[in-house]
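Asker: The structure is given below, and queries will be raised subsequently.
What follows draws every value from the coordinates through simple rules; no lab data is involved. Keep in mind that this is a model prediction, so the values were computed, not measured. Cβ sites come from the backbone with ideal geometry, for glycine too, and all protein chains shown count toward neighbours.
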DNA sequence: CCCATAGGTGCATACGATTGCAAAAATCGG
DNA sequence: CCGATTTTTGCAATCGTATGCACCTATGGG
């Protein structure tokens, strides 16, 4: 069989092919596909027609090489068990797509060397910016990105370094809101199963919560780290229940709160909110499911993502722009997992 | 201020810089970083040293331009509400990272023109392959990818076209297993709230289920499309309960099953599994949560992802390789949401 | 000790686009 | 209708790397 290969016919069509077909120069083709370039209407039309016939589309990679921008954003994420992240990720991807960017995903579970390898790969792809939604990114990431001139925005994550941009919810205010709500509900023995205390989100929520209690002269009856892990939080809840008999528990995020509720109900035989009130943080979709009906502080994922995209693109446009830290306020969503103060509706 | 810009110092370091620093040619540098190229050990060492000092890393985009492979895999996904997808996505990304590939995410909710735009962008990035986990990808995707010579693997999705590779669980067998289990449990009035009947997953599960019932001469007492949407399924469940009083319901996936259970319990006051058994499909993490404790057919996400990656990479290596359709068997995971036949343990 | 062979290395080109510059064409005012 | 602008267009260089080819250097066998 000496037939010429079929595949030859479908070889890549380049701007040169289009130029030839349209009888113009290659640069003309390029300009037609470069927004803001100087092209006459008739030229544009001829080229577009030829391009359409040949099925031509500009090669983004080649373009990136010369413009120095890949229009790729690196997203570093740890795990996706916590529903908040898939939710945010979907929004982020959509928002960036609308701006002509795309998301390259990097899953980096651990900390340390594995993470550093990922960082290297991130830079290899010449990403224009990075959204870091993973705890445990070594500080080296930031210095290397700084050196490479790649803007980084921390999503739902804080960092002491002022040169780092970040978008979070107002975790301190959120924690305090929960305290005020529980106090108004007449709770006296209030416990806290916190988010991981190695991260600012967990610490700030806890701090705000304690501050809120302290305003009424109260201390948490118990406080333990749930590590943002369902199973850990569930075990802790059981232990706290048996040891301290709290009348309310504030859990550092919804994902853990579901585990806590299950442990209380099915292992301890506790009725929620009759015996104990439970409040979470995030307002993921499942919080509204009847099985949990969880009172929780909403993180406005939409606005957080919007802010993230805005900051990131601004820094890409204008590299010298100073870092910015944004905390977005979120309302307490009152549902059925915690006793509601009598006069709550009147108050709010 | 006529100071030279600080930024100048951090300008990109290229293979030429490394070559100069090491006193060798640029091609030598390239070879050192190209696995399988011919380089002497001493050369390799000199170059690596210089590279390390300058902080050089090869530019993946430039490399892609010349090799014609980007080492980017496009992942097209619809929504991430169904936990099965984040779970699978995390695995997929990890598996591909291990092979030196990375995932570029495309969220395409709807069908039709929006999707086609996304397809265009996908091709613009010169992805080496595509994993399609979204329903409603127009057939045009496939023809265009075929033309462009880009392999596509459908993940958890079927398609009549034999030229398309796909990885699914064995949906027919899974549906039948559920039927057998429910029959063995002595259920007589069995309903089905199916996955979207526009997709093969939904249809196959339903067909297998019906076949299983038919083996015992039974028909579903009711059968309706839940569209893979929680709210739709919940409403349908309520309607079916009120109209048909089933003693068991097989729901087309876990995500809907949770909604169904909530509707039955909290709207209809039904006790599960005492009044009615519920069985799902997927075995997402939440299925094991005590609140649902859902009996369900496991989709082995790990194996499905593994197969997907294997097939995709194989087709990238060897473009003429024929398409392959794989259905991975998954066990029925017996939990507490459905009555368990007396002799079940003996049987299995 | 010499020649055939294999393995390393450098030169130069190619990948597919963007973009500064200069020439050509179109526009405009007088 | 002509000269001065302004707009279009083409030419050619460039981005950072991979790779065919030719050349050079060891190596080993006879």
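Asker: First check a/c for segment B:83-127, with a ≥ b ≥ c the square roots of the eigenvalues of its C-alpha gyration tensor; if it is under 1.5, answer rounded, and if not, answer prolate when a/b is larger than b/c or oblate otherwise.
Answerer: Because a/c hits 1.5 or more and a/b fails to exceed b/c, segment B:83-127 counts as oblate.
Asker: When each copy gets a label point 7 Å from Cα toward the beta-carbon at residue B:111, what are the spacings between them in nm, shortest first?
Answerer: Values, ascending and in nm: 4.8.
Asker: Given segment A:24-115 reduced to its alpha-carbon atoms as identical point scatterers, what log10 I(q)/I(0) does the Debye formula return at q = 0.13, 0.15, 0.18, 0.24 Å⁻¹?
Answerer: Here log10 of I(q) over I(0) equals -0.65, -0.76, -0.91, -1.22.
Asker: If you look at just the Cα atoms of segment A:45-185, how large are its Rg and its Dmax in Å?
Answerer: Taking only Cα atoms of segment A:45-185, I get Rg and Dmax of 19.4, 72 Å.
Asker: Please identify which residues in segment A:74-95 have an amide N closer than 11 Å to a label point set 7 Å out from the Cα of residue B:114, following the Cα→Cβ vector.
Answerer: Counting only backbone N, you get A:94.
Asker: While we're on this one: May I ask for the distance between the Cα centers of segment B:220-276 and segment A:221-275, given as a whole number of Å?
Answerer: Taking the Cα centre of each part, segment B:220-276 and segment A:221-275 sit 29 Å apart.
Asker: Let me know the Kirkwood hydrodynamic radius for the protein assembly as shown, please, with Cα pairs as the basis and the value in Å to one decimal.
Answerer: After inverting the mean inverse Cα-Cα distance, the result is 27.9 Å.
Asker: I've got another one for you. Per-residue mean of other chain beta-carbon atoms within 10 angstrom of the beta-carbon, peptide B:144-151?
Answerer: 2
Asker: Okay, next question. Could you tell me the calculated FRET efficiency between residue B:215 and residue B:48, based on Cβ-Cβ distance and R0 = 60 angstrom, to the nearest 0.05?
Answerer: 0.35
Asker: Let me ask something else. Could you tell me the distance between the Cα centroids of segment A:94-166 and segment A:300-328, to the nearest Å?
Answerer: Between the Cα centres of segment A:94-166 and segment A:300-328 lies a distance of 14 Å.
Asker: For chain A, what mean projected area does the convex hull of the alpha carbons give, in nm²?
Answerer: If you wrap the Cα atoms of chain A in a convex hull and average its projections, you get 25.4 nm².
Asker: Using a 7 Å offset from Cα along the direction of the beta-carbon, what are the separations from residue B:146 to the same position in each other copy, nm, ascending?
Answerer: Taking the point 7 Å beyond Cα along Cα→Cβ, the inter-copy spacings are 5.4 nm.
Asker: Using only Cα atoms and rounding to the nearest 10 degrees, what angle (0 to 90) does helix A:139-148 make with the longest principal axis of chain A?
Answerer: The two axes meet at around 30 degrees.
Asker: Quick check on the protein assembly as shown: of the DSSP beta bridges with both residues there, what percent are antiparallel, nearest 5%?
Answerer: Around 10 percent antiparallel, to the nearest 5.
Asker: Ok, one more. Any idea how far apart residue B:314 and residue A:148 come out in nm if each label point goes 7 Å out from Cα toward Cβ?
Answerer: 3.4
Asker: So what is the relative contact order of chain B, in percent, for Cα pairs below 8 Å that sit 6 or more residues apart?
Answerer: 15
Asker: Taking the 0 to 90 degree range and rounding to the nearest ten, how far is the long axis of helix B:84-98 tilted relative to the main principal axis of chain B, both from C-alpha atoms?
Answerer: Once rounded, the angle reads 30 degrees.
Asker: So, one more: Peptide B:260-272: average number of partner chain Cβ atoms within 10 Å per residue?
Answerer: Across B:260-272, the average partner-chain Cβ count within 10 Å equals 1.
Asker: Here is a follow-up. Counting C-alpha atoms alone, how compact is segment A:136-206: give Rg to one decimal and Dmax as a whole number, in angstrom.
Answerer: Rg then Dmax for segment A:136-206, in Å: 16.2, 54.
Asker: What FRET efficiency comes out for residue B:98 versus residue B:160 if R0 is 41 angstrom and r is the Cβ-Cβ distance? Round to the nearest 0.05.
Answerer: According to the calculation, E is roughly 0.80.
Asker: Follow-up. Please state the equivalent ellipsoid semi-axes for segment B:116-268: what are the square roots of 5 times the Cα gyration tensor eigenvalues, largest first, in whole Å?
Answerer: The three semi-axes for segment B:116-268 are 36, 18, 10 Å.
Asker: Tally the DSSP beta bridges in chain B and give the antiparallel ones as a percent, rounded to 5.
Answerer: 5
Asker: While we're on this one: For chain B, take the longest principal axis of its alpha carbons; what is the angle in degrees between that and the long axis of helix B:301-317, to the nearest 10 within 0 to 90?
Answerer: Once rounded, the angle reads 40 degrees.
Asker: May I pose another question? One decimal, nm, shortest first: give the distances between the label point of residue B:69 and those of the same position in the other copies, each label point 7 Å from Cα along Cα→Cβ.
Answerer: Between copies, matching label points for residue B:69 lie 3.1 nm apart.
Asker: Turning to a different aspect of this structure: So what's the back-of-envelope 222 nm ellipticity for the protein assembly as shown, counting only DSSP H runs of four-plus at -39500 (n - 2.57) apiece and dividing by all residues, rounded to 500?
Answerer: For the protein assembly as shown, the value works out to -13000 deg cm²/dmol.
Asker: Based on Cα coordinates alone, diagonalise the gyration tensor for segment A:205-348, multiply each eigenvalue by 5, take square roots, and list the semi-axes in whole Å, largest first.
Answerer: Square roots of five times the eigenvalues give 32, 17, 16 Å.
Asker: Hey, another quick one. Across peptide A:77-90, what mean number of C-beta atoms from other chains lies inside 10 Å of a residue's C-beta?
Answerer: 5
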